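Engineer: Here you go, one structure.
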């Protein structure tokens, strides 16, 4: 992968991904979604008849094909895109360092599937097809994926402490929401109030977990892209200067 002089100059001029600003924006969006769902639920208790059913369904975090589902699917897609871009950046590494390339490709594929599952409700199809709750089928694959991420963060790229915190922390939060809370809801008949709390907690953990993973990927894009640009700059400086005859 090679870069033009203008690209190098722009990146040196702080044209990097504003990770912190993106993080704050996404957290605010998650809070707004949770707040809208909560207001819709509380409206049944404090207003006659509550909000119109169309508005309640639009913000219901436990429903499908609505705003929370779209937002969650978009977040997962952004993680997949960032991972695939990291895969491209790693493609220029020596063959001895190809573990990172393989990891980011597999990471992107997993999150691409999660995005598809969120938007197309693949897990509901699996429930109907097998008669087995999807959480029991997803859990073993999720455990293998988590172990692969642990190996990459603690062994392959063990010096990258920031990536470790973002990826591992985000994956733990997402698993707590997507698997643990779902398992609790499936196995225990919670009362209405507790059920609503479980819905909000599940969605919040999934959104914040995905946001942390995305921030880790974007930070890594900044890091690897800067390193490639520095290498490109060193190569350009090492080239002999052509002197035209007078």
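The values are calculated or read from the model by the stated rules, or taken from the named source; none is laboratory data. Quick caveat: nothing in here was measured; it's all calculated off a predicted structure. Positions of Cβ are backbone-derived with ideal geometry, glycine not excepted, and every protein chain shown enters the neighbour counts.
Engineer: What is the number of the single condition among (1) assigned to a loop (DSSP other than H, G, I, E, B); (2) under 22 Å from residue 207 (Cα atoms) that residue 75 does not meet?
Structural biologist: Failing condition for residue 75: (1).
Engineer: Mind listing just one residue for me: the one in region 37-64 that is touching a residue at least 24 places away in the same chain (Cβ under 8 Å) and part of a helix (DSSP H, G or I) and, of those, surrounded by the most Cβ atoms within 10 Å (Cβ to Cβ)?
Structural biologist: 37
Engineer: For region 150-162, how many residues are in contact with a helix residue (DSSP H, G or I) (Cβ under 6 Å, 6 or more places away or on another chain) and crowded, with 17+ Cβ neighbours inside 10 Å?
Structural biologist: Residues in region 150-162 being in contact with a helix residue (DSSP H, G or I) (Cβ under 6 Å, 6 or more places away or on another chain) and crowded, with 17+ Cβ neighbours inside 10 Å: 2 in total.
Engineer: Within region 37-56, how many residues turn out to be modelled with pLDDT of 90 or more and more than 20 Å from residue 209 (Cβ to Cβ)?
Structural biologist: 1
Engineer: Then there is this: From the residues in region 2-36 that are loosely packed, with under 12 Cβ neighbours inside 10 Å and in a loop (DSSP other than H, G, I, E, B), which one is modelled with the lowest pLDDT?
Structural biologist: Here the residue is 13.
Quick grid of which residues meet (1) surrounded by 14 or more Cβ atoms within 10 Å (Cβ to Cβ); (2) closer than 24 Å to residue 147 by Cβ:
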{"position": "176", "(1), (2)": "yes, yes"}
{"position": "180", "(1), (2)": "yes, yes"}
{"position": "183", "(1), (2)": "yes, yes"}
{"position": "189", "(1), (2)": "no, no"}
{"position": "193", "(1), (2)": "no, no"}
{"position": "201", "(1), (2)": "yes, no"}
{"position": "205", "(1), (2)": "yes, yes"}
{"position": "210", "(1), (2)": "yes, yes"}
{"position": "215", "(1), (2)": "yes, yes"}
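Engineer: Return a yes/no flag: does region 69-83 have any residue that is touching a helix residue (DSSP H, G or I) at 6+ places or on another chain (Cβ under 7 Å) and free of Cβ contacts under 8 Å to residues at least 24 places away in the same chain.
Structural biologist: Checked region 69-83: no residue is touching a helix residue (DSSP H, G or I) at 6+ places or on another chain (Cβ under 7 Å) and free of Cβ contacts under 8 Å to residues at least 24 places away in the same chain.
Engineer: For region 123-138, which residues satisfy the criterion of being over 18 Å from the mean Cα position of the chain (by Cα), surrounded by 15 or more Cβ atoms within 10 Å (Cβ to Cβ) and closer than 26 Å to residue 214 by Cα?
Structural biologist: Matches in region 123-138: 123, 134, 135.
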